[in-house]
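In what follows, a structure is listed as structure tokens, so that the remarks can point back to it.
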Amino acid sequence: MRLMTLVGVASAAYIATVLPAAAAWNSYISHPLGFSFEAPGALKTAKTSYEAPVAGKRDAMTFTASEDGIEYKVTVVDMTPVANKAASLLGEATYRFQDGKTLKMDAFGRVDRQFGRKLTIDLPNNGGRSTAAFYFINGRLIELQATAQPGGDYDSPDMGRFIDSVAFFTVRARPEASELTLPK
């Protein structure tokens, strides 16, 4: 009996040292922007700009995290002045994402009554693989992008977990969700 206990304890210790540590995922919400998502670890927030032929130059903000060779990034672009061109702006964003890259998947999707597009691409020169989802809601372009670095785990379920965690009904956010700090 003691031998079985010893073997069990030794096996558990071995498994704990061999398996990678699971990243702690957090839930984030922005009531002013009207969406929530999940990402590993703490987020870095930045103010940036977005520029494209149809959209023009627009203010944007990013929320990024990295874990196990994968970068998770949410970009929110204020398109309020040109929101009447929503379909063209969404098409432009997805085209720019996949232009010059190997397109692996392109699908339409719907989350909480909001239609969007989900794409997966291989980056040029073996630069990695990226999956992204694009939505246009309340005058804003919202892009969630998970990029596995070269040699990384292109089939990681965490990439899909991040992309599919977006919700536009804020009541669907986890109760412990942290309010996003918007850049000034």
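Against the condition open to solvent by 70 Å² or more (accessible area, probe 1.4 Å) and modelled with pLDDT of 95 or more, how does ARG113 come out, does it pass? Spelling it out, it is not the case that ARG113 is open to solvent by 70 Å² or more (accessible area, probe 1.4 Å) and modelled with pLDDT of 95 or more.
Count of segment 97-110 residues, restricted to those that are surrounded by fewer than 11 Cβ atoms within 10 Å (Cβ to Cβ), aromatic (Phe, Trp, Tyr) and under 17 Å from THR75 (Cβ atoms), is 0. Here is the figure for segment 143-174: residues that are in a strand (DSSP E or B) and either surrounded by fewer than 16 Cβ atoms within 10 Å (Cβ to Cβ) or of a type in the set (S, T, N, Q) (or both) total 2. Could you please let me know if GLY109 is out of contact with any Ser or Thr (no Cβ under 7 Å at 6 or more places or on another chain) and over 21 Å from ALA24 (Cα atoms)? Yes: the conditions hold for GLY109. Screening the candidates ASP78, ASP68, ASP99 for the property of being among the acidic types (Asp, Glu) and free of Cβ contacts under 8 Å to residues at least 60 places away in the same chain yields one hit, ASP99.
Residues of segment 120-142 that are touching a strand residue (DSSP E or B) at 6+ places or on another chain (Cβ under 7 Å), touching a residue at least 60 places away in the same chain (Cβ under 8 Å) and open to solvent by 30 Å² or more (accessible area, probe 1.4 Å): ARG140 alone. Flag: THR45 does not match the condition of being at pLDDT below 95, more than 22 Å from GLY127 (Cα to Cα) and either open to solvent by less than 20 Å² (accessible area, probe 1.4 Å) or touching a strand residue (DSSP E or B) at 6+ places or on another chain (Cβ under 8 Å) (or both).
The values are calculated or read from the model by the stated rules, or taken from the named source; none is laboratory data. Owing to the predicted nature of the structure, the values given are computational and were not obtained by experimental measurement. No Cβ is skipped: glycine too gets one built from the backbone with ideal geometry, and neighbour counts run over all protein chains shown. The protein model used for the area step is the full one, side chains on, heavy atoms only, and it has no ligands, DNA or RNA in it. Shrake-Rupley method; radii C 1.70, N 1.55, O 1.52, S 1.80 Å.
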